[in-house]
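Right, one structure below, let's go through it.
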Amino acid sequence: MFGRLGTALRSAVQRMGMGSVITQKDIERTLREIRVALLEADVALPVIKAFLGRVQEQALGKNIVRSLRPDQVISKIVYDETLALVNNAPVQWAKNSCILAVGLQGSGKTTLCGKLAFMFQTQKISTLLVSLDPYRPAAQTQLTVLGHSIGVDVLSVVPGEDVYTTAKRALTYKSSYEHVIFDTAGRLHVDTALMQELTELQNILRAKEVLLVCDSLIGQSITEVIKAFSQFPLTGIALSKLDANHKAGVILSLKSLLNLPIKILGTGEKPQDFMLWDAKRIVNRILDQGDLTELVEKTTQALSKETQAQQLQRLRQGIFTLDDLILQMNALQKMGGLSSLLKLIPGMGTVLESLQNKDTSFKKEKAILSSMTPKERKDPKILDASRKRRVAKGSGTTVQDINQLLTRFGNIKKILGNLPNKR
Ligand code: GDP
């Protein structure tokens, strides 16, 4: 959905220098690369300019926190600024309300109504679907079929009934349902007749939620569509077809340009193919990045100063054994498994995916480690098949569990080996 954007942003920041201060030259090169990545993703130019300005301002001359490299510092700044671009209040649906979906023809309104109805249905919230598109009987049929396929009630269609009468008829059922979702007629272009009809409908319905459905594939033209609809009291945007879109930069542009929250993303044609807006989740997906600050905070909290100092001393000498792993595990136990530590490290998404049994519990791992001899913990390479069988027996696990732990240990060792030398 975000194509190369995450990879490009990550590689831009990873090429930062390794000195103790971020230099103007480092920044300029990195910002140039980020600019290209954002342009390729179809982010609007004014948004890119403002974004880069803020990153530069914060990064320049910033002293490097002892335990972080310059690329990690920039990474954090880029993360925070990207989050600021998309940070909306969490999505909440008003109780006992009408929801109106408006938008151009083909933008995905009917599909969106199905998605909302499906979402409420899974939450056991009673919902009625209503088609306000008497001009296209096929659209009415589409909504009826959709509603029935997900087990949600659909207002019966009365042939020849005008749209305002249908709206009033639907309101008579309002007290029986928590939500009444209205699908409206679209046009190929915004015109006065459409606006007038929508305004009159809203006068009747007084919908608390008016969602403008936009096809994300039209890219930056979305801002024109939103502006055209903005004479209408919109409460949010539903962006459709993100699954088919490899330049989803529009997501990063909308808040800055129009200050209208995106509430839901369509990620496929089926009722279950959607994602409610969640800024952190979106940014994590864009950047394939865990929250570095969280890692630093958690690690700092978990390791006592003394242990931390000892660990750093050993790392500086290139030493990390299974005994150190036990120390780390004791300290990090609250985090719920080694995979959660890995998740916090930028770019580890792919490594995590390659790890099977991601959530091996600490308990099992600790049992394995304590069944090993000190010599084995110091040098796990000596763990041949017969030693592994002995450890498996002693810890009530399997040789496969031991191999998985050793693979994880190897991966962590590799990551830790990449930490800069502390002075
Ligand atoms: P409407 O005219 O605004 O009601 O648009 P529809 O809901 O009928 O959608 C138009 C077309 O887009 C249909 O073929 C839908 O299946 C398709 N569509 C809608 N939302 C999505 C989406 O999120 N992803 C994909 N791939 N297709 C979608």
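The values are calculated or read from the model by the stated rules, or taken from the named source; none is laboratory data. Quick caveat, the model's predicted, so the values are computed rather than measured. Virtual Cβ from ideal backbone geometry, glycine too; neighbours counted across all protein chains shown.
Here's the yes/no breakdown for (1) acidic (Asp, Glu); (2) in contact with a Phe, Trp or Tyr (Cβ under 9 Å, 6 or more places away or on another chain):
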{"residue": "Ala167", "(1), (2)": "no, yes"}
{"residue": "Val180", "(1), (2)": "no, yes"}
{"residue": "Leu188", "(1), (2)": "no, no"}
{"residue": "Glu197", "(1), (2)": "yes, yes"}
{"residue": "Leu211", "(1), (2)": "no, no"}
{"residue": "Ile218", "(1), (2)": "no, no"}
Checklist outcome for this item: Among helices (runs of 4 or more DSSP H) completely within segment 177-277, the ones holding 3 or more residues that are more than 18 Å from Asn88 (Cα to Cα) and at pLDDT below 90 are 192-205, 222-229
Next on the checklist: Looking at Gln121 and the list (1) within 14 Å of the ligand (Cβ to nearest atom); (2) surrounded by fewer than 21 Cβ atoms within 10 Å (Cβ to Cβ), which single condition is not satisfied?
Outcome noted: (1)
Next on the checklist: If I filter segment 144-152 for residues that are in a strand (DSSP E or B), at pLDDT 95 or above and under 23 Å from Ala238 (Cβ atoms), do I get at least one hit?
Outcome noted: no
Next on the checklist: Let me spell it out: the conditions are (1) touching a residue at least 60 places away in the same chain (Cβ under 8 Å); (2) among the hydrophobic types (A, V, I, L, M, F, W, C); (3) away from the ligand (no atom under 16 Å from the Cβ), and Val250 meets all of them except one. Which number is the exception?
Outcome noted: (3)
Checklist entry - Take the residues of segment 85-109 that are away from the ligand (no atom under 13 Å from the Cβ), among the polar types (S, T, N, Q) and within 30 Å of Ile48 (Cβ to Cβ): which is surrounded by the fewest Cβ atoms within 10 Å (Cβ to Cβ)? => result Asn87
Checklist outcome for this item: Note: among Leu146, Leu112, Leu128, Leu132, just one is under 27 Å from Cys214 (Cβ atoms), touching a residue at least 12 places away in the same chain (Cβ under 8 Å), buried (at least 18 other Cβ atoms within 10 Å of the Cβ) and more than 13 Å from the ligand (Cβ to nearest atom), namely Leu128
Next on the checklist: Show the residue pairs meeting these rules: Cβ distance below 7 Å; 6+ apart or different chains; first residue within segment 256-276 and of a type outside the set (D, E, K, R); second residue near the ligand (Cβ under 10 Å from one of its atoms) and in a loop (DSSP other than H, G, I, E, B).
Outcome noted: Gly266/Gly108; Gly266/Lys241; Gly266/Asp273; Thr267/Asp273; Phe274/Thr267; Met275/Thr267
Checklist entry - Going through segment 377-417 one residue at a time, which ones are of a type in the set (A, V, I, L, M) and loosely packed, with under 14 Cβ neighbours inside 10 Å? => result Ile382, Ala385
Next on the checklist: Among the residues of segment 372-388, are any modelled with pLDDT under 80, over 30 Å from the mean Cα position of the chain (by Cα) and over 23 Å from Ile319 (Cα atoms)?
Outcome noted: no
Item to check | Residues that are free of Cβ contacts under 8 Å to residues at least 24 places away in the same chain, assigned to a helix (DSSP H, G or I) and polar (S, T, N, Q), drawn from segment 370-414 | outcome: Ser386, Gln400, Asn403
Checklist entry - Going through segment 228-245 one residue at a time, which ones are within 22 Å of the chain's Cα centre (by Cα) and within 15 Å of the ligand (Cβ to nearest atom)? => result Ile237, Ala238, Leu239, Ser240, Lys241, Leu242, Asp243, Ala244, Asn245
Checklist entry - Of all residues in segment 265-279, how many are within 13 Å of the ligand (Cβ to nearest atom) and under 19 Å from Asn87 (Cα atoms)? => result 4
Checklist entry - Given Ile222, Ile218, Ile262, which one is more than 30 Å from Leu171 (Cα to Cα), touching a strand residue (DSSP E or B) at 6+ places or on another chain (Cβ under 8 Å) and within 16 Å of the ligand (Cβ to nearest atom)? => result Ile222
Next on the checklist: Just to be sure I understand, how many residues within segment 128-141 are assigned to a helix (DSSP H, G or I) and touching a strand residue (DSSP E or B) at 6+ places or on another chain (Cβ under 8 Å)?
Outcome noted: 2
Checklist outcome for this item: Flagged in segment 162-195 as surrounded by 14 or more Cβ atoms within 10 Å (Cβ to Cβ) and farther than 24 Å from Phe118 by Cα, in numbering order, are Val163, Tyr164, Arg187, Val190, Leu194, Met195
Checklist entry - Can you name the condition, by its number, that Val47 falls short on among (1) of a type in the set (A, V, I, L, M, F, W, C); (2) modelled with pLDDT of 90 or more; (3) under 30 Å from Ala170 (Cβ atoms)? => result (3)
Checklist entry - Quick check: anything in segment 66-81 part of a loop (DSSP other than H, G, I, E, B), within 23 Å of Ser216 (Cβ to Cβ) and out of contact with any His (no Cβ under 9 Å at 6 or more places or on another chain)? => result no
